[in-house]
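Only one structure is covered here, and it is reproduced in the block below.
What follows is calculated from the coordinates using simple rules that are stated; it is not laboratory data. Quick caveat: nothing in here was measured; it's all calculated off a predicted structure. Every residue, glycine among them, receives a Cβ derived from its backbone with ideal geometry; neighbour counts consider all protein chains shown.
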Amino acid sequence: MILLNVPERHTTADVVAVGLIDSELQLAGVSDTALPPAAAEAAVAYLRAEQLDSAVGSLHLLPLPGATPSQVWLTGLGQASPADLRRAGVVLGRRVHELAEGRSVNIAIGAPSPEQSRSLAEGLVLGGYDFRAASGDDVLHTVDIVAKIDPVGLTAGDQAGDAAGWARDLGNLPAAELTPARLGELAEQQLTPAGCTVHVRDEQWLAEQGFGGLLAVGGGSSSRPRLIEAAYRPRGSRARSASAADSVKHVVLVGKGITFDTGGLNLKPADAMRMMHTDMCGGAAVLAALHYIAMQKLPIRVTALVPAAENSVSGTAMRPSDVVRQYGGRTTEIGNTDAEGRLVLADALAYAVARLRPDVVIDIATLTGAMKVALGMETAGYFANDDELAHQLDGAAEASGEAIWRMPLEHGYASLLDSSVADSRNDPGNPGGITAALFLQPFVGSVRWAHLDIAGPARAQADGPIFSRGATGYGVRLLSRYVELAAR
C-alpha cells in the first residue's frame, strides 16, 4: 500500500525515480537536494551509454553503491500525457511495493497540470495495491513527491486510487466472508464516515416492497439477500441551489451485487465458477465511486443501489419455468437460473425510477459472457438511450483510462424476449449483450439511462498495464469521472 506525501522540504532518499521523455532525463523542477548532481550525472551517463528509450512503462534501475540515493529509477514517460503518466505510475507503484520495509522513495517526476498530477497519483496508488492489505498484512510505503505537482490533482488521484483499491478488496474477498449482509455492513463502515447515509434493507422489507427478482435469486441461499441504498447529498458552499437550471441534479448508480453465482439449478461448470465471488464487482464499483464522490464533496446528489444476493442451489432455489413478479409489477419467465443478474438489476432500476426521481440512471454489471466474446477482457460494452449521456460516458472513459465501447440498443431483437406466460423471459439468447440490455430497458421507462456490461474488464487472470490480478476495480474511476462531468 502506498501513501503519497508532498514534503515541505525536499530531502534525499534511498531511491529516486526520475522520468525519461524523448530519451532525455526530465529534471526540470527537481532540486539538487532531491537528486544530487553526482546522481544526476551518473543517470545521464547511464542513459547515454545504454541508449535507453523512453517508452511508457519502461523502468531501468541504476545502482549507486555507497551513495545517496543508492538507486535511481529511470522511468519511461512516453509523451507524459495523463494516460502515459498513469501507466508509468502503476509501474513505479509496483516496484515500490516490492521494496524492503523502511526504504525511502522520492518521485522526482514532474506532473504540473491537474490532469497529469491526478493520473500519476492514480497510477502510483493502483500499482501499490496488494490484496494482503485487506487482512492487515501489507507494508505501508510512504512516497514523497519532490517535483512540480498540482495539489488538487494529486488529492483527486490519490482518493480515486484508494476508492478503486477498496472495490478491489471487496471483489477479492471470498464469498464465505462477503455475504450480502456483510457487504452491507462494509458499505456502512466505509461510507458513513464520509458523510453518506446508508440503509441496508433485509428480506422482510424486500418482500413487503415487492422485490420479486432479488428474492427469487437469493431464495436458494442461507445468506439472505439485501438491498444496499447509499446516498450522498452535497452540503455547504459547494451544493448547487435548488432552483439551479441544471440538467442533472440526481444521479443513481446501480451495481449488480451477486456475492457468489453457482448458476442456480442451471449449474455452471466448475471452471466457470472459480471466479464467481467477483460477480459483485459492479456493486463494489458503485459503492467505491460514491465514496470518492463524497470525499471530493462534489456538488451533485448521487445514490448508489446494490441489489445483493447469492445465487445458490437448494430446495428453495428458483426453477426454470417459474414466473417472477419484479418490483413495480412487471413479470419475468425464468428460462435459465444462470441469467440472474438482470433479475436483481431490474428490481433496483424500477425502484430507482419509482422512488428516487433520478435525472440519470447508470447500471454496471458483470452481466454476459457475450460481451467478453464481442469486446474481449479489457473493454466494457455499454448501451444508452440518450446520445448526450453516451457522449459524457465516452469523455469519462477517455479521462479515466477505463475503455468502453457503445453497443446498439437494436430493438429488432426485442421479439426474442417474448413469453407466453409473462411480460418477458430472462433467457432470450444471442446476441446476448444486446438482448440483456433490451430486457432491462422497460424498467427505466423514459429516464436517461446507460447500462455497462463489465464482464470482461471487472477481473483479470494476471497483472496488466493498469489492472491487477483478480478483481480490478474497473468502473470506479469511470463512474467518478462521469459524475464530475455531470456536476460541472
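Percent antiparallel among DSSP beta bridges with both residues in the range 316-461, to the nearest 5?
Antiparallel bridges: around 40 percent, rounded to the nearest 5.
Is any residue of the range 253-284 close enough, with backbone N under 17 Å, to a label point placed 7 angstrom from the Cα of Arg355 along the Cα-Cβ axis, and if so, which?
Under 17 Å, as judged by backbone N against the label point of Arg355, lie 253-257 of the range 253-284.
Would you please put 382-389, 83-90 in order of how densely packed they are, using the mean number of other Cβ atoms within 10 angstrom per residue and starting with the highest? Each step should come with its number before you reach the end.
Details: 382-389: 18.1, 83-90: 26.8.
For the peptides 382-389, 83-90, the packing ranking is 83-90, 382-389.
Sort 463-469, 307-313, 5-11 by packing, meaning the average of other beta carbons within 10 Å per residue, with the highest value first. All intermediate terms of the calculation are to be shown ahead of the outcome.
Details: 463-469: 18.4, 307-313: 28.3, 5-11: 11.6.
Per-residue Cβ counts within 10 Å, averaged per peptide and sorted highest first, yield 307-313, 463-469, 5-11.
Read phi for every residue in the range 473-484 and hand back ³J(HN,Hα) as whole Hz from Karplus 6.51 cos²θ - 1.76 cosθ + 1.60, θ = phi - 60°, with x for Gly and Pro.
x, 4, x, 4, 6, 4, 5, 4, 5, 4, 5, 4
Using a/c under 1.5 as the rounded threshold, could you call the range 163-487 rounded, prolate or oblate? The axes a ≥ b ≥ c are square roots of the C-alpha gyration tensor eigenvalues, and prolate needs a/b larger than b/c, oblate otherwise. Don't skip to the answer; put the middle values down first.
Values: a/c = 1.32, a/b = 1.29, b/c = 1.02.
Rounded.
Provide the three semi-axes, in whole Å and in decreasing order, of the ellipsoid equivalent to the range 335-488 as defined by the square roots of 5 times the Cα gyration tensor eigenvalues. Kindly include the intermediate steps, with their values, before the conclusion.
Details: eigenvalues 124, 79, 35 Å².
After scaling each eigenvalue by five and taking roots: 25, 20, 13 Å.
Which percent, nearest 5, of DSSP beta bridges in the chain are antiparallel?
Numbers: 29 of 72 bridges.
DSSP beta bridges in the chain are roughly 40 percent antiparallel.
How much length is gained on full extension from Asp14 to Ser247, taking 0.36 nm per residue of separation minus their Cα-Cα distance? Walk me through the numbers before you get to the answer.
Numbers: separation 233, 0.36 × 233 = 83.88 nm, distance 5.16 nm.
That pair, Asp14 and Ser247, stretches by 78.7 nm at full extension.
Note down the magnitude of the dipole of the chain about its Cα centre, charges +1 on Lys and Arg C-beta and -1 on Asp and Glu C-beta and zero elsewhere, to the nearest 20 debye.
Details: 40 positive and 54 negative charges, 193 e Å.
About 920 debye.
Thr331 to Arg233: FRET efficiency via 1/(1 + (r/R0)^6), r the Cβ-Cβ distance, R0 45 Å, to the nearest 0.05? Intermediate values should be presented prior to the final figure.
Values: r = 35 Å, r/R0 = 0.77.
It comes out at approximately 0.85.
In whole Hz and in residue order, list the ³J(HN,Hα) couplings for the range 390-400 that follow from phi through the Karplus curve 6.51 cos²θ - 1.76 cosθ + 1.60, θ = phi - 60°; x for Gly and Pro.
Using θ = phi - 60°, the values come out as 4, 4, 5, 5, 4, x, 5, 5, 5, 5, 8 Hz.
Based only on other Cβ atoms within 10 Å, what is the fewest-to-most ordering of Met280, Met407?
Values: Met280 35, Met407 20.
By the 10 Å Cβ count, ascending, the order reads Met407, Met280.
Have a look at Ile334, Ala317, Ala288 and report the one farthest towards the positive end of the charge dipole of the range 284-339, computed about the Cα centre with Cβ charges (Lys/Arg +1, Asp/Glu -1).
Ala288
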